[in-house]
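The values are calculated or read from the model by the stated rules, or taken from the named source; none is laboratory data. Note that the coordinates shown come from a computational prediction; the quantities given were computed from them, not determined experimentally. When we count neighbours, we look across all protein chains shown, and the Cβ atoms used for this are built from the backbone with ideal geometry, even at glycine. Accessible surface areas use protein heavy atoms only, side chains included; no ligands, DNA or RNA. Shrake-Rupley method; radii C 1.70, N 1.55, O 1.52, S 1.80 Å.
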Amino acid sequence: MDFKQYFRDIQDFPKEGILFKDITPLLLDAEAREKMLEHLVSELKNKQIDKVVGVESRGFFFGILLAQKLNVGFIPVRKPKKLPYKTISASYELEYGQDTLEMHIDAIQKGDRILIHDDVLATGGTAKAVCELVEKLGGEIVQCNFLMELSFLNGKEKIAQHPIFSAITY
Ligand code: AMP
């Protein structure tokens, strides 16, 4: 299946100069959504995933679908002050300034085999911070997977020590 037809380019969103990759057409189409899920799962054969980590907010969509399909737990990584229990945090650089992500301290047990999921791998700052959170709690990162990778931004370099799979590469 050609998944690219389910990603819509939105120019200058959320600010000028950004070409936003809108995944909502994929979410709308039940058949394409299932095919994408199967495609991502086919790259996880015999990988023994214990938990899926999904990144706020668009990483939640397929993150939860993956967790359900793999019959494992789901862990939300969220922006600051969204999670109600005790958290650990990791910060990362943005074009202007810094951002922080948080995870519940009891979400991962030492040695848990973790799949990290997000919709887009761009500069890799987000994924790197999520890897840090997982490793802080002793999780083992089995794969970082994405619906798409914007390869011209070289995000892979930031998380090169981990296996990476992207369904689509631009
Ligand atoms: P980065 O940290 O630069 O790899 O950015 C990845 C995060 O930002 C992901 O959570 C994406 O949802 C979001 N993101 C970055 N660039 C885009 C884009 N062009 N279109 C849609 N989402 C993006």
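Could you work out [θ]222 nm for the chain from helices alone, using -39500 (n - 2.57) per DSSP H run of at least four and dividing by all its residues? Round to the nearest 500 deg cm²/dmol.
-7500 deg cm²/dmol, from helical runs alone.
Cβ neighbours within 10 Å, averaged per peptide: list 9-20, 91-102 in order, most packed at the top.
The peptides rank, most packed first, as 91-102, 9-20.
Please compute the contact order of segment 110-170 in relative form: average sequence separation of alpha-carbon pairs under 8 Å and at least six residues apart, divided by the residue count, as a percent. Please list the in-between numbers first.
Working: 117 pairs, mean separation 24.5, N = 61.
Here the relative contact order equals 40 percent.
Treating each Cα of segment 97-170 as an identical point scatterer and ignoring solvent, apply the Debye formula and state log10 I(q)/I(0) at q = 0.20 Å⁻¹.
Result of the Debye calculation: -0.82.
So for the pair HIS39, LEU153, with labels modelled 7 Å out along Cα→Cβ, what separation do we get in nm?
1.9 nm
On the Cα set of the chain, report Rg and Dmax in Å, please.
15.3, 43
Ignoring ligands, DNA and RNA, please state the percent of accessible area on segment 60-118 from carbon and sulfur, probe 1.4 Å.
The C+S portion of the solvent-accessible surface of segment 60-118 is 50 percent.
Heavy-atom accessible area per residue, the chain, 1.4 Å probe: how many Å²?
Values: 9070 Å² over 170 residues.
Result: 53 Å² of accessible area for each residue.
What is the ratio of the Cα radius of gyration of segment 89-137 to 2.2 N^0.38 Å, with N the residue count, to two decimals?
Segment 89-137 yields a ratio of 1.19.
Quick one: go through segment 136-170 and flag any residue whose amide nitrogen is under 19 Å from the point 7 Å out along the Cα-to-Cβ line of LYS110.
Residues passing the 19 Å test: 136-142.
Multiply the residue gap between LYS15 and GLN98 by 0.36 nm, knock off their C-alpha separation, and tell me the result in nm, one decimal place. Don't skip to the end; give the middle numbers.
Working: separation 83, 0.36 × 83 = 29.88 nm, distance 1.72 nm.
Here the segment from LYS15 to GLN98 would lengthen by 28.2 nm.
Counting DSSP beta bridges in segment 26-131, what percent are antiparallel, to the nearest 5?
Beta bridges within segment 26-131, antiparallel portion: roughly 45 percent.
Would you mind getting me the FRET efficiency between LYS4 and GLU135? Use the beta-carbon distance for r and R0 = 35 Å, nearest 0.05.
Step by step, r from the Cβ atoms, then E = 0.60.
Longer than 24 Å from Cα to Cα, which of LYS79/LYS136; LYS81/LYS158; LYS15/LYS79; LYS51/LYS82; LYS51/LYS136; LYS86/LYS110 are they? Say none if no pair is.
Distance filter (> 24 Å) returns LYS81/LYS158.
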